[in-house]
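Inspection log for the structure reproduced underneath, given as C-alpha coordinates.
The values are calculated or read from the model by the stated rules, or taken from the named source; none is laboratory data. Because the structure is a prediction, the values reported are computed rather than measured. In this analysis, Cβ positions are derived from the backbone assuming ideal geometry, glycine residues included, and neighbour counts consider all displayed protein chains. Surface areas here come from the heavy atoms of the whole protein model, side chains and all, with no ligands, DNA or RNA. Shrake-Rupley method; radii C 1.70, N 1.55, O 1.52, S 1.80 Å.
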Amino acid sequence: MNERDTDVRFSRYLEKLLLLTGKKPTEVHEIAPAKPEGGRVRAVVYADTPEPGYVTGFSYGLSLVHHPNWMSNSRELVITVRSDDIGWASVPAETAAALRGMYAYAHGQAIGYVKPYVESSEMSSIVVADPAVRWSSGPVDLGPAEIDRTGQDLVDLVGLYPVYASERDFVYAKGFDALWRLEWDRFDPLRLPVA
(Lines give C-alpha, C1' and ligand atoms only; values in the text may rest on other atoms or scores of the structure.)
Protein backbone atom coordinates (compact mmCIF):
# COMPACT_ATOMS: atom_id res chain seq x y z
CA MET A 1 0.00 0.00 0.00
CA ASN A 2 1.23 3.50 -0.85
CA GLU A 3 1.30 5.71 2.28
CA ARG A 4 0.49 8.78 0.16
CA ASP A 5 -2.74 7.17 -1.08
CA THR A 6 -5.04 8.65 1.53
CA ASP A 7 -8.66 9.76 1.41
CA VAL A 8 -7.55 13.14 2.82
CA ARG A 9 -5.15 13.74 -0.08
CA PHE A 10 -7.81 12.72 -2.63
CA SER A 11 -10.35 15.02 -0.95
CA ARG A 12 -7.88 17.91 -1.24
CA TYR A 13 -7.49 17.10 -4.94
CA LEU A 14 -11.27 17.19 -5.45
CA GLU A 15 -11.41 20.53 -3.59
CA LYS A 16 -8.75 21.96 -5.92
CA LEU A 17 -10.58 20.65 -8.99
CA LEU A 18 -13.78 22.28 -7.72
CA LEU A 19 -11.94 25.60 -7.59
CA LEU A 20 -10.50 25.07 -11.09
CA THR A 21 -13.61 23.79 -12.88
CA GLY A 22 -16.28 25.56 -10.84
CA LYS A 23 -18.27 22.35 -10.36
CA LYS A 24 -18.33 18.95 -8.73
CA PRO A 25 -17.45 15.95 -10.92
CA THR A 26 -20.15 14.14 -12.83
CA GLU A 27 -18.65 10.89 -11.57
CA VAL A 28 -15.55 9.45 -9.94
CA HIS A 29 -14.55 5.83 -10.41
CA GLU A 30 -11.53 3.64 -9.77
CA ILE A 31 -9.39 2.10 -12.50
CA ALA A 32 -7.46 -1.04 -11.58
CA PRO A 33 -3.73 -0.20 -11.71
CA ALA A 34 -1.18 -2.51 -13.32
CA LYS A 35 0.91 -2.22 -10.14
CA PRO A 36 -1.47 -1.99 -7.15
CA GLU A 37 1.36 -1.29 -4.69
CA GLY A 38 1.51 2.24 -6.14
CA GLY A 39 -1.93 3.07 -4.75
CA ARG A 40 -5.37 3.58 -6.22
CA VAL A 41 -6.03 5.27 -9.56
CA ARG A 42 -9.24 7.21 -10.10
CA ALA A 43 -10.96 8.88 -13.02
CA VAL A 44 -12.51 12.24 -12.17
CA VAL A 45 -15.09 12.89 -14.88
CA TYR A 46 -16.77 16.17 -15.87
CA ALA A 47 -19.54 16.31 -18.48
CA ASP A 48 -20.22 19.63 -20.23
CA THR A 49 -16.90 21.03 -19.02
CA PRO A 50 -15.48 23.58 -19.73
CA GLU A 51 -18.69 24.26 -21.68
CA PRO A 52 -21.67 22.30 -23.04
CA GLY A 53 -20.69 19.64 -25.57
CA TYR A 54 -17.27 19.00 -24.06
CA VAL A 55 -16.09 16.33 -21.66
CA THR A 56 -13.06 16.66 -19.39
CA GLY A 57 -11.33 14.03 -17.31
CA PHE A 58 -8.55 14.19 -14.74
CA SER A 59 -6.47 11.30 -13.47
CA TYR A 60 -5.74 10.79 -9.82
CA GLY A 61 -3.04 8.35 -8.78
CA LEU A 62 -0.18 9.14 -11.16
CA SER A 63 1.22 11.60 -8.60
CA LEU A 64 1.39 8.85 -5.97
CA VAL A 65 4.37 7.26 -7.75
CA HIS A 66 7.55 9.21 -8.49
CA HIS A 67 9.24 9.13 -11.88
CA PRO A 68 13.03 9.80 -12.03
CA ASN A 69 12.58 12.39 -14.82
CA TRP A 70 10.35 14.58 -12.68
CA MET A 71 12.67 17.25 -11.35
CA SER A 72 10.35 18.50 -8.60
CA ASN A 73 6.57 18.37 -9.00
CA SER A 74 4.63 15.18 -9.59
CA ARG A 75 1.98 14.97 -12.32
CA GLU A 76 -1.64 14.20 -13.04
CA LEU A 77 -3.19 13.96 -16.50
CA VAL A 78 -6.13 15.85 -18.04
CA ILE A 79 -8.02 15.52 -21.31
CA THR A 80 -10.69 17.76 -22.84
CA VAL A 81 -12.56 16.75 -26.00
CA ARG A 82 -15.69 17.87 -27.81
CA SER A 83 -17.87 14.81 -27.42
CA ASP A 84 -20.94 13.43 -25.73
CA ASP A 85 -19.05 10.17 -25.08
CA ILE A 86 -18.15 10.35 -21.40
CA GLY A 87 -15.70 7.47 -21.92
CA TRP A 88 -13.06 9.96 -23.08
CA ALA A 89 -12.87 11.37 -19.57
CA SER A 90 -11.45 8.07 -18.28
CA VAL A 91 -8.49 8.09 -20.70
CA PRO A 92 -6.11 9.95 -18.32
CA ALA A 93 -6.79 7.54 -15.46
CA GLU A 94 -6.61 4.47 -17.72
CA THR A 95 -3.26 5.70 -19.04
CA ALA A 96 -1.94 6.40 -15.55
CA ALA A 97 -3.16 3.01 -14.29
CA ALA A 98 -1.42 1.13 -17.10
CA LEU A 99 1.86 3.06 -17.29
CA ARG A 100 2.41 4.72 -13.92
CA GLY A 101 6.13 4.85 -13.13
CA MET A 102 7.09 3.83 -16.68
CA TYR A 103 6.46 7.13 -18.51
CA ALA A 104 7.37 10.65 -17.43
CA TYR A 105 4.47 12.13 -19.42
CA ALA A 106 6.83 14.76 -20.79
CA HIS A 107 5.76 17.39 -23.30
CA GLY A 108 5.90 15.94 -26.82
CA GLN A 109 5.77 12.29 -25.81
CA ALA A 110 3.57 9.98 -27.93
CA ILE A 111 2.13 6.89 -26.28
CA GLY A 112 0.21 4.04 -27.89
CA TYR A 113 -2.58 1.91 -26.48
CA VAL A 114 -3.49 -1.65 -27.48
CA LYS A 115 -6.98 -0.74 -28.73
CA PRO A 116 -9.12 2.35 -29.39
CA TYR A 117 -9.89 4.29 -26.22
CA VAL A 118 -13.63 4.45 -26.90
CA GLU A 119 -15.89 2.53 -29.29
CA SER A 120 -16.94 5.64 -31.21
CA SER A 121 -13.39 6.45 -32.41
CA GLU A 122 -10.40 4.64 -33.92
CA MET A 123 -7.94 6.75 -31.92
CA SER A 124 -5.63 4.50 -29.93
CA SER A 125 -2.77 6.80 -28.96
CA ILE A 126 -2.12 10.06 -27.17
CA VAL A 127 0.36 12.89 -27.32
CA VAL A 128 1.38 14.87 -24.25
CA ALA A 129 1.37 18.68 -24.20
CA ASP A 130 0.06 21.57 -22.14
CA PRO A 131 -3.60 21.14 -21.17
CA ALA A 132 -6.10 22.25 -23.82
CA VAL A 133 -7.73 24.46 -21.19
CA ARG A 134 -5.61 26.55 -18.84
CA TRP A 135 -6.97 25.13 -15.59
CA SER A 136 -4.42 26.79 -13.33
CA SER A 137 -1.52 29.19 -13.45
CA GLY A 138 0.78 26.82 -11.64
CA PRO A 139 0.93 23.49 -9.86
CA VAL A 140 -1.96 22.18 -7.81
CA ASP A 141 -0.95 22.13 -4.16
CA LEU A 142 -2.19 19.02 -2.34
CA GLY A 143 -0.22 19.65 0.83
CA PRO A 144 -2.05 20.47 4.05
CA ALA A 145 -2.40 24.21 4.64
CA GLU A 146 -0.77 23.98 8.06
CA ILE A 147 2.64 22.80 6.84
CA ASP A 148 5.43 24.92 5.46
CA ARG A 149 6.37 25.27 1.78
CA THR A 150 8.97 22.47 1.83
CA GLY A 151 6.41 19.88 2.88
CA GLN A 152 3.80 20.64 0.26
CA ASP A 153 2.78 18.20 -2.43
CA LEU A 154 2.81 20.06 -5.76
CA VAL A 155 1.21 18.48 -8.83
CA ASP A 156 1.45 19.71 -12.44
CA LEU A 157 -1.55 19.09 -14.70
CA VAL A 158 -0.35 17.64 -18.01
CA GLY A 159 -2.56 17.60 -21.11
CA LEU A 160 -3.36 14.55 -23.23
CA TYR A 161 -4.60 14.67 -26.83
CA PRO A 162 -6.03 11.58 -28.53
CA VAL A 163 -4.45 10.73 -31.89
CA TYR A 164 -4.45 7.90 -34.40
CA ALA A 165 -1.75 5.23 -34.43
CA SER A 166 -0.50 6.66 -37.73
CA GLU A 167 -0.09 10.07 -36.08
CA ARG A 168 1.76 8.49 -33.15
CA ASP A 169 4.11 6.84 -35.66
CA PHE A 170 4.51 10.22 -37.38
CA VAL A 171 5.66 11.69 -34.05
CA TYR A 172 8.15 8.83 -33.65
CA ALA A 173 9.53 9.48 -37.15
CA LYS A 174 9.34 13.28 -37.48
CA GLY A 175 8.96 14.55 -33.92
CA PHE A 176 6.13 16.06 -31.91
CA ASP A 177 6.52 19.57 -33.35
CA ALA A 178 5.95 18.26 -36.89
CA LEU A 179 2.56 16.85 -35.84
CA TRP A 180 1.64 19.85 -33.70
CA ARG A 181 2.27 22.24 -36.65
CA LEU A 182 -0.21 20.38 -38.86
CA GLU A 183 -3.74 21.71 -38.97
CA TRP A 184 -6.04 19.51 -36.89
CA ASP A 185 -8.82 20.07 -34.39
CA ARG A 186 -7.31 19.11 -31.04
CA PHE A 187 -10.78 18.83 -29.46
CA ASP A 188 -12.35 16.51 -32.07
CA PRO A 189 -11.88 12.77 -31.41
CA LEU A 190 -13.86 11.93 -34.58
CA ARG A 191 -11.71 13.91 -37.02
CA LEU A 192 -9.85 12.27 -39.89
CA PRO A 193 -6.13 11.46 -39.49
CA VAL A 194 -3.70 14.19 -40.57
CA ALA A 195 -0.69 11.85 -40.87
Kirkwood hydrodynamic radius (Cα pairs, Å) of the chain? 16.9 Å
Over the heavy atoms of residue 166, what accessible area does a 1.4 Å probe trace out, to the nearest 10 Å²? 50 Å²
Solvent-accessible area of residue 30 with every protein chain in place, 1.4 Å probe, in Å² to the nearest 10: 110 Å²
Which order do 107, 67 take when ranked by solvent-accessible area (1.4 Å probe, heavy atoms of all protein chains), largest first? 107, 67
Accessible area per residue in Å² at 1.4 Å probe, computed on region 1-156: 48 Å²
Given unit charges at Cβ for Lys, Arg (+) and Asp, Glu (-), the dipole magnitude of region 1-123 about its Cα centre in debye, nearest 20, is 420 debye
Only helical DSSP H runs with n ≥ 4 go in: add -39500 (n - 2.57) per run for the chain, normalise by residue count and round the 222 nm mean residue ellipticity to 500 deg cm²/dmol. -6000 deg cm²/dmol
Top mean-square fluctuation among 17, 77, 62, Gaussian network model of the chain, C-alpha springs under 10 Å? 17
Residue 7 accessible area, assembled protein chains, probe 1.4 Å, Å²: 100 Å²
For region 1-47, give the percent of accessible area contributed by carbon and sulfur heavy atoms, probe 1.4 Å, rounded to a whole number. 56 percent
Under 22 Å between alpha carbons, and skipping anything fewer than 8 positions from residue 16 in its own chain: which lysines qualify? 24
